[in-house]
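Working notes for the structure below.
Laboratory data are not the source of any read-out in this text; all were calculated from the coordinates shown. In this text the structure is predicted, and so the values were computed from the model without any measurement. Note that each Cβ is placed from the backbone with ideal geometry, even for glycine, and that neighbours are counted across all protein chains shown.
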Amino acid sequence: MEFEGNGLLTLVVFLPLAGALGIALFIKRDKQVRYIAGAVALAELILSVMVFTTYDLSKGGLQLVDRTSQWIPIESFKVEYYLGVDGLSTPLVLLTGLLGFAAVYASWSIKTRVREYFVWLLVLQTAVMGVFTSLDFILFFLMWELEMIPMFFLISIWGSGRREYSAMKFLIFTFLGSAFMLVGILALFYSTGTFDMILLPDAIAQTELIAPAGIIFGLIFTAFAVKLPVWPVHTWLPDAHTDAPTAVSIMLAGVLLKMGGYGMIRVSAGMFPEVIVDAAIVLAALGVVNVIYGAIITIRQTDLKRLVAYSSISHMGYVLIGISSVAGVGGLVSPTGLTGAAMQMFTHGTITGLMFLVVGLTYEKVHTRSIPELGGLSARMPVIAVAFLIAGLASLGLPGTSGFVSEILIFLGAFPVYGWFTGVAVFGVVLTAGYILWMAQRTMFGPTIDRFSNVRDASRMEMVPLAVLIGSIILVGIYPSFVSDMFRDGVAGIVADIQRSGALAMVLP
């Protein structure tokens, strides 16, 4: 079995797993566990930055490939160890490194079963990195499934409230979605004879599939819809967020949901260009439902964490609207909408990661998440209050923050295709401004409550992940092209395939 590549992606994917095994086997003291986990997370962040900076945008396409000719030695079932990144996946590798670092350093106060906690947190990072870099469909599926195990234990052991219920609900929803995806993957393999995700688009176009393409598309899309999540298969998310520990909510909202959006662009749009065009109007409609329904339900929440959870459902609707722009106008497809959908995954990851971090720190200081019980916290926690405001303003799409960039690209790409749907979705920005400003006013401003008079601000250790996430939000808001240009390059091939497929002739603009 020959290995091709420089090993950088292999190191990026498996360094957290190696760190987890080292901690599990050799480290006993809680203090040492924290420092080693922190060192691994920092090294992983550095490696993810290396991947991002090493990617040559002038060349584009697939780069940094690590590959073996035959990973599972069964002649009739060729499965390769095949990693690689392009303009679509490279920024998501960086996002995973950023949020993995923030999650570890946000967990410094964990005191229960510390070693097990950090082991599962690092295993989770390996699984997500594997999803974004895998180019063999079976390896992709294995990494997709691996993510469920640490998430289940992290919620059920270190969560709060109905943690066992929430963990099991998460597992059932995502496992059922994965079962549909596996059937779709096997149908593609027995039709085309390959699991290679780079070869599959051409193979699907040139081969008579054993089932209608729309059926296979639907099977695989179901898993991505559950993970994003898309209404009506979204109900697991608020419970999982509400009862998960802070770091797990950061990873869940920041990168796990993005696995669904990534799959929709990479697989659903990239491998089934004709079907995605036919389904575009359905995606647009579902996106609008996500945006408006999620925003209205968010306004009704009185629990800080549940409020941010429902806001994630609303913001993920914009990803669907961006993808729906593949229907094009006049036989032409613009990459703007798909670029915006990909950008929304990146920017929402950092914004919501910061929001959950701030909510978690607030809860640790004041021991409540009930909005009616809070008030005047900015006088006692100025650093946390500033981070809270930056995350909120970015979430509502304030110009100068990363949230504005992704939303404006989505609207520009989708409006020529589905003007009415896009117009309704824009109203979601108004609703977002309403609940964000309402939440900030009631929690951080107003008269100071006496029982919060001794509350302390963020510690130096807690300021580290705050600074990293705030810096990324401002940087992308001021200079978005260093990320958007890469995403645009990543979706260019998908746009070209849709253009060549001739599917646009079957769709009304």
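Hey, for a label at residue 448 modelled as a point 7 Å past Cα toward Cβ, could you say which residues of the stretch 345-376 have their backbone N under 16 Å away?
366, 374-376
Give, in nm to one decimal, the length gained when the segment between residue 69 and residue 300 is fully stretched (0.36 nm per residue of separation minus the Cα-Cα distance).
Difference between extended and current length: 77.8 nm.
Evaluate the Debye formula for the stretch 372-454 with equal point scatterers sitting on the alpha carbons, no solvent, and hand back log10 of I(q)/I(0) at q = 0.26 Å⁻¹, in q order, two decimals.
Once normalised to I(0) and log-transformed, intensities are -1.17.
Would you mind checking 169/258; 258/305; 28/111; 169/305; 78/227; 227/305 for any pair whose Cα atoms are more than 25 angstrom apart?
Table pairs above 25 Å Cα-Cα are 78/227.
Per Stokes-Einstein, at 4 °C and 1.567 mPa s, what whole-number D in µm² s⁻¹ belongs to the stretch 205-322, with the Kirkwood radius over Cα pairs as the hydrodynamic radius?
87
So for the stretch 414-453, considering every pair of alpha-carbon atoms, how many percent are separated by more than 17 Å?
The answer is 53 percent, as a whole percent.
If you line up the long axis of helix 402-414 against the longest principal axis of the chain, both from Cα atoms, how many degrees apart are they, to the nearest 10?
Between helix and principal axis, roughly 30 degrees.
Give the relative contact order (percent, whole number) for the stretch 141-204; include only Cα pairs under 8 Å separated by 6+ residues. Please report the intermediate quantities before stating the final value.
Values: 33 pairs, mean separation 14.3, N = 64.
Across the stretch 141-204, relative contact order equals 22 percent.
If packing is taken as the average count of other Cβ atoms within 10 Å, what order do 12-22, 404-414 fall into, highest mean first? Before the final figure, lay out each step's value.
Details: 12-22: 20.5, 404-414: 24.7.
Highest-to-lowest ranking by the protection proxy: 404-414, 12-22.
Residue separation times 0.36 nm, minus the C-alpha to C-alpha distance between residue 478 and residue 332: what's the value? Could the numbers behind the result be given before it?
On the way: separation 146, 0.36 × 146 = 52.56 nm, distance 3.03 nm.
Here the segment from residue 478 to residue 332 would lengthen by 49.5 nm.
Place a point 7 Å from the Cα of residue 367 along the Cα-to-Cβ direction; which residues of the stretch 436-466 have their backbone N under 19 Å from it?
Flagged as within label range: 449-459.
Would you mind checking the tilt of helix 163-192 against the longest principal axis of the Cα atoms of the chain, expressed as 0 to 90 degrees and rounded to 10?
Once rounded, one gets 10 degrees.
Can you compute the FRET efficiency between residue 53 and residue 183 using 1/(1 + (r/R0)^6), with r the Cβ-Cβ distance and R0 = 35 Å? Round to the nearest 0.05. The partial results should precede the final answer.
Numbers: r = 39 Å, r/R0 = 1.12.
Efficiency for this residue pair is about 0.35.
Per the Kirkwood definition applied to all pairs of different Cα atoms, how many angstroms is the hydrodynamic radius of the stretch 257-372?
This gives a value of 15.3 Å.
Can you tell me the relative contact order of the chain? Whole percent, Cα pairs under 8 Å, sequence separation 6 or more.
Relative CO of the chain lands at 16 percent.
On C-alpha positions alone, give me the angle between the axis of helix 280-299 and the longest principal axis of the chain, in degrees, nearest 10.
The two axes meet at around 10 degrees.
For 450, 239, 457, what ranking results if the residue with the fewest other Cβ atoms within 10 Å of its Cβ goes first?
Exposure proxy ranking, most exposed first: 450, 457, 239.
Residue 427 to residue 28: FRET efficiency via 1/(1 + (r/R0)^6), r the Cβ-Cβ distance, R0 60 Å, to the nearest 0.05?
That pair, residue 427 with residue 28, gives E of 0.60.
Between residue 386 and residue 282, how high is the FRET efficiency from 1/(1 + (r/R0)^6) when r is the Cβ-Cβ distance and R₀ = 51 Å? Nearest 0.05.
Approximately 0.80, to the nearest 0.05.
With each label point set 7 Å from Cα along the Cα-Cβ vector, what nm distance links residue 457 and residue 176?
My value for the distance between the label points is 4.8 nm.
Using a basic spin-label model with each label point 7 Å from the Cα along Cα→Cβ, how many nm lie between residue 116 and residue 2?
Distance between label points: 4.6 nm.
Tell me, Kirkwood radius of the stretch 1-80 from alpha-carbon pair distances, in Å? Walk me through the numbers before you get to the answer.
Numbers: mean 1/r = 0.0663 Å⁻¹.
Its Kirkwood hydrodynamic radius stands at 15.1 Å.
Hey, how many Å between the Cα centroid of the stretch 222-259 and the Cα centroid of the stretch 100-134?
About 16 Å separates the Cα centre of the stretch 222-259 from the one of the stretch 100-134.
Send over the per residue convex hull volume for the chain, Cα only, as a whole number of Å³.
For the chain, the hull spanned by Cα atoms encloses 130 Å³ per residue.
Binning at 5 Å from 0, report for the stretch 362-504 what percent of all alpha-carbon pair distances ends up in each bin.
2, 8, 14, 15, 15, 14, 10, 8, 6, 4, 3, 1, 0, 0
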